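Notes follow once the structure below has been shown.
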Amino acid sequence: MTAPTVRFTDERLANGLRLIIAEDHLAPVVAVCIWYAVGSKNEVPGKTGFAHLFEHVMFQGSRHVAKTEHMGLVQAAGGTLNGTTWLDRTNYFETMPSHQLELALWLEADRMATLLDALNQENLDNQRDVVKNEKRSSYDNRPYGQWFHKLQEQLFPPEHPYHHPTIGSMEDLDAASLEDVAAFFRTYYAPNNAVLAIAGDADPAQARAWVERYFGEIAANPRIPPLGDVSLPPTLGAESREVIEDRVPLPRHYFGFRAPCFGDPRLEALEVACQILAGGKGSRLYRRLVRDERIAQDVAFFALGFVGGASIAAGQATVRPGVDPEVVERAFEEELERLGREPVTADELARARALIETFELEALQRVEERADRLAMLATLLDDPDLINRQLERYLAVTPAEIQAVAAEVFRPENRVVLTYVPAAGAARGQDEESAA
């Protein structure tokens, strides 16, 4: 099946805001997605967590919108909304009935232009506490919760902007002053540091007029600091290992590797390799570790694409009760290394392509996904038209390309292995809690 072509316009306002509009009148729904080119990689030592903190602060009101009213207005209009933060970006999005497009645009423009009018010490303290509670519940106090942060620390050196977690540290969050936070907003939340994508049931001329009306007078920031050199060697140079005792029910291995950057065709070959390794019950890791040898409870393997010097390929395997964790680790690593020694079979490649094609076609049916991808590709690669070529690129990956990237990435000297083991008394305590 051929992927549908996403037709769109791409232009810039005088203040630098990049506007992408993909018109589609199939359903009376429109998606608005704004990507700011700021993530945790733009933070400096001692001031980590600011990008994520702002994701929360952005819902606390602006000059013309009361605290939490942004959410209330969207939901009352029949829409949905959210925001996310990651290493390379922060994004905000609404999906609305198409006749409510103007409301979504006005809300996004008002907080881009006037958020600091509503930012005060009470709001900052409140959202700081919310983020700290999120850090405790999602990472610090959750079984295996720190695994990704530990991989970051070992895959990226201390001076690299990917070394620290997006959520930041408790110490830096506590130390954040009102002026620190305001300066971060003034620096990065500028129209010339943003991409606004509109997809769905919208009239382009009317949408463009509203964007010009609400965003056009917002001043650009000509002094956005450059990121600097984030280049890295393609491999770590030596294997890194850590054993972590934690309140976990079963031993679990996490594996991490430096991988090619987002936009590099080698990363696409690696993503196809991930499907062959762990894409469902027909995958190599599932068949060997879970189904046949019955040494693991579950397996996973995936790639996370970044633009700042290297991406991450990562996987996990939870050890079945009574099994030696070293047996699981050895089997997992053997399957990764085998991928670099032997070409994949035609059946395996066909299965991986089918899984990817199904995912891509389903995703492109949703207006919110189209808006998000257009904004992402414009922000990270300056190439929004890749939305129309991405599936073709995946399907063109060859066995030789998979073998080459696997041999390049899955090398012992490029490997981080984290092994979680139950702390003394942890299993007994969890059994007691379950009984209670």
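The values are calculated or read from the model by the stated rules, or taken from the named source; none is laboratory data. Remember, predicted model here, so these are calculated numbers, not experimental data. Here Cβ is always computed from backbone atoms with ideal geometry, including for glycine, and neighbour counts include all displayed protein chains.
At a glance:
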{"read-out": "Considering residues of the stretch 45-87 that are part of a loop (DSSP other than H, G, I, E, B) and either of a type in the set (Ser, Thr, Tyr) or outside the structural domain of LEU116 (by TED's automatic domain parsing) (or both) only, the residue surrounded by the fewest Cβ atoms within 10 Å (Cβ to Cβ)", "value": "THR68"}
{"read-out": "Count - residues of the stretch 110-135 that are touching an Asp or Glu at 6+ places or on another chain (Cβ under 9 Å) and more than 14 Å from LEU53 (Cα to Cα)", "value": "1"}
{"read-out": "Sole exception among (1) part of a loop (DSSP other than H, G, I, E, B); (2) out of contact with any helix residue (DSSP H, G or I) (no Cβ under 9 Å at 6 or more places or on another chain) for GLU153, by number", "value": "(1)"}
{"read-out": "When residues of the stretch 218-261 are limited to those that are of a type in the set (Asp, Glu) and in a loop (DSSP other than H, G, I, E, B), the one farthest from the chain's Cα centre (by Cα)", "value": "GLU239"}
{"read-out": "Single residue of ALA400, ALA375, ALA363 found to be in contact with a Phe, Trp or Tyr (Cβ under 7 Å, 6 or more places away or on another chain) and assigned to a helix (DSSP H, G or I)", "value": "ALA375"}
{"read-out": "Every residue from the stretch 88-142 that is β-branched (Val, Ile, Thr) and either over 26 Å from the mean Cα position of the chain (by Cα) or closer than 30 Å to PRO422 by Cα (or both)", "value": "THR114, VAL130, VAL131"}
{"read-out": "Of all residues in the stretch 187-242 being β-branched (Val, Ile, Thr) and surrounded by fewer than 19 Cβ atoms within 10 Å (Cβ to Cβ), the one that is farthest from PHE50 (Cα to Cα)", "value": "THR235"}
{"read-out": "Residues located in the stretch 399-410, provided they are surrounded by fewer than 22 Cβ atoms within 10 Å (Cβ to Cβ) and in contact with a helix residue (DSSP H, G or I) (Cβ under 8 Å, 6 or more places away or on another chain)", "value": "PRO399, GLU401, GLN403, ALA404, ALA407, GLU408"}
{"read-out": "Residue match in the stretch 411-418 (condition: free of Cβ contacts under 8 Å to residues at least 24 places away in the same chain, within 23 Å of PHE306 (Cβ to Cβ) and surrounded by 13 or more Cβ atoms within 10 Å (Cβ to Cβ))", "value": "no"}
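Residue by residue, here is whether (1) among the β-branched types (Val, Ile, Thr); (2) touching a residue at least 60 places away in the same chain (Cβ under 8 Å) holds:
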{"site": "VAL272", "(1), (2)": "yes, yes"}
{"site": "GLN275", "(1), (2)": "no, yes"}
{"site": "ALA278", "(1), (2)": "no, no"}
{"site": "LYS281", "(1), (2)": "no, no"}
{"site": "ALA296", "(1), (2)": "no, no"}
{"site": "ALA300", "(1), (2)": "no, no"}
{"site": "GLU326", "(1), (2)": "no, no"}
{"site": "GLU329", "(1), (2)": "no, yes"}
{"site": "LEU339", "(1), (2)": "no, yes"}
